[in-house]
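**Q** There's a structure below that I have some questions on.
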Amino acid sequence: MPASAPATASTPPPSRRLERFLSLFTEVRDGEGPRLLLLAAEIFLILTAYYVMKPVREAFILDQPGGAEIKSYSLAAQAVLLAAIVPVYGRLATHLPRRRLVNVVSGFFILCLPVFYVLAQSRVPLGVPFFLWIGIFSLMVISQFWGYANDIHTPDEGKRLFAVIAFGASSGAVFGAWVSGQLIRALGVQPLLLVAAAILAVSLALFNFIDRRARAAGVPRSGASAEDVAIGDGNPFALVLRNRYLLLVAAAIFVLNWVNSAGEYILSSIVKHAADADVRAGILAAGDQGRFIGTFFADYFQVVNIAGMLLQLFVVSRVIKYLGVPIAVCILPLVALGSYTVAALIPSLAIVRWVKTAENSVDYSLMNTVRHMLFLPTTREEKFKAKQVIDSFVVRAGDVLSAATVWLGTTVLTLGVSQFAWINVALVLVWLALAVGIGREFRRRTAQAGSAA
């Protein structure tokens, strides 16, 4: 692959208008703009489709007896399914070249949606099957996209450009959440399945255009035919278990999701307590609790999304450029450490709301970008197979352990919000130590890759 020259003080500014405009947000060089925007558009469409489907998921699973409880238990079922599905994905990657792998996997998920639509029209109960399906889709397809993005960029390019690509994901989530509400009012719930299928089909067509364009430009690093050979024959879980760097990444992502899911419980619990307190004080009518909680979370998510998008667009690339990935990967655990320490000492709604806003906005922007950059100094096989293990199975396993922690703390130990926050403080310290180790290993690996280039 013709790699970009390392960034230096003498690197000339881009001469083309597109790259000059994109340079407002990150360092972009001549010729990089079109592919950068195309990749951002592809992940924008994938996230838009996902958020168009999310209301369908909620409608299917909650419109049945015990739906809320079944929803919680289904997270554990997702982890079990992923333990079986990830090796199947690995076998596909063993036998299929990169482009065919993406087409087969994405095409399978797209074809499922008309089937779900027909079954829903026939009044077949789809709550649990669709919840499991969309959970696996959201993890595997997005991980596959970032595996591909890692594969066609050098570490230098990825560190400069991934922030803008990730903005496509952030804006797709915001747009998808908005447009789903408009579509439900116009079409109803079930037709959204067909809308999502159409959006995903466009994203897959865009992927093939990007890949053909990359092949014509000679992007693959390992020679002209590199994209036409199978990815590798290693077992996905074995790739992680035998590699110290990938084990560190997996452990950090596991703890990150454990902490974050427990933090969402802390916020939900304190909001519920605040609503109950207002009812007891006569400030809020008993029948208005749901409206109070819904309004709170609507405002909260809006602030988090806006803050995350602004950080993604104007801050993330500069943090990575001036501080580097080894420092950037430590920022979220440091923010979380401060957030949960404050929440443990002052467990009030006003405090917890804003510390969680800070944590989640950094998570959805900086950390969401950096976690994908961590695979830049890995092999193609690790980018596609090991990344699936970490981004799907490990993520869901962290969520399951967090749910188990909440169950144990509420039903057996009767812990309060402050105690749960202290548990998160202890977990964040472990996470921070893992992040430091990841940063050191990332620096070593990128230095080796640079000397070998």
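The values are calculated or read from the model by the stated rules, or taken from the named source; none is laboratory data. Predicted model only: the values in this text are computed from it and were never measured. With ideal geometry, Cβ positions are generated from the backbone for all residues, glycine too; neighbour counts draw on all protein chains shown. Keep in mind that these areas ignore ligands, DNA and RNA; they rest on the heavy atoms of the full protein, side chains included. Shrake-Rupley method; radii C 1.70, N 1.55, O 1.52, S 1.80 Å.
**Q** Which of the residues belonging to the stretch 297-314 are surrounded by fewer than 17 Cβ atoms within 10 Å (Cβ to Cβ) and either at pLDDT 90 or above or not aliphatic (A, V, I, L, M) (or both)?
**A** Phe297, Asp299, Phe301, Gln302, Phe314 - these are the residues of the stretch 297-314 that are surrounded by fewer than 17 Cβ atoms within 10 Å (Cβ to Cβ) and either at pLDDT 90 or above or not aliphatic (A, V, I, L, M) (or both).
**Q** Okay, next question. With Val164, Val219, Val240, Val179 as the choices, which residue is closer than 30 Å to Ala59 by Cβ and either modelled with pLDDT under 85 or assigned to a helix (DSSP H, G or I) (or both)?
**A** So the residue among Val164, Val219, Val240, Val179 that is closer than 30 Å to Ala59 by Cβ and either modelled with pLDDT under 85 or assigned to a helix (DSSP H, G or I) (or both) is Val179.
**Q** Further question: Looking at the stretch 24-39, which of its residues are surrounded by fewer than 21 Cβ atoms within 10 Å (Cβ to Cβ) and of a type in the set (A, V, I, L, M, F, W, C)?
**A** Within the stretch 24-39, Leu24, Phe25, Leu37, Leu38 meet the criteria.
**Q** Right, here's the next one. Among the residues of the stretch 372-393, count how many are open to solvent by 10 Å² or more (accessible area, probe 1.4 Å), touching a Leu at 6+ places or on another chain (Cβ under 9 Å) and assigned to a helix (DSSP H, G or I).
**A** Residues that pass the stated criteria total 4.
**Q** For Ala426, all conditions in the list (1) under 26 Å from Ser261 (Cβ atoms); (2) at pLDDT below 85; (3) surrounded by fewer than 16 Cβ atoms within 10 Å (Cβ to Cβ) hold save one; what is the number of the exception?
**A** Exception for Ala426: condition (2).
**Q** For Val406, state whether it is modelled with pLDDT under 90, surrounded by fewer than 22 Cβ atoms within 10 Å (Cβ to Cβ), under 29 Å from Val304 (Cα atoms) and under 19 Å from the mean Cα position of the chain (by Cα).
**A** Criteria not met by Val406.
**Q** Does Asp391 satisfy the condition of being within 17 Å of Tyr89 (Cα to Cα), among the charged types (D, E, K, R) and out of contact with any Pro (no Cβ under 8 Å at 6 or more places or on another chain)?
**A** Criteria met by Asp391.
**Q** Mind checking which residues of the stretch 139-181 are open to solvent by 10 Å² or more (accessible area, probe 1.4 Å), hydrophobic (A, V, I, L, M, F, W, C) and over 17 Å from the mean Cα position of the chain (by Cα)?
**A** Trp178, Val179
Table: residues versus (1) among the polar types (S, T, N, Q); (2) outside any helix (DSSP H, G or I); (3) touching a Leu at 6+ places or on another chain (Cβ under 7 Å); (4) over 17 Å from Leu432 (Cα atoms).
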{"residue": "Ile306", "(1), (2), (3), (4)": "no, no, no, yes"}
{"residue": "Gln312", "(1), (2), (3), (4)": "yes, no, no, yes"}
{"residue": "Ile320", "(1), (2), (3), (4)": "no, no, no, yes"}
{"residue": "Pro326", "(1), (2), (3), (4)": "no, no, no, no"}
{"residue": "Ile331", "(1), (2), (3), (4)": "no, no, yes, no"}
{"residue": "Ala336", "(1), (2), (3), (4)": "no, no, no, no"}
{"residue": "Ser339", "(1), (2), (3), (4)": "yes, no, no, no"}
{"residue": "Ile351", "(1), (2), (3), (4)": "no, no, no, yes"}
{"residue": "Trp354", "(1), (2), (3), (4)": "no, no, no, yes"}
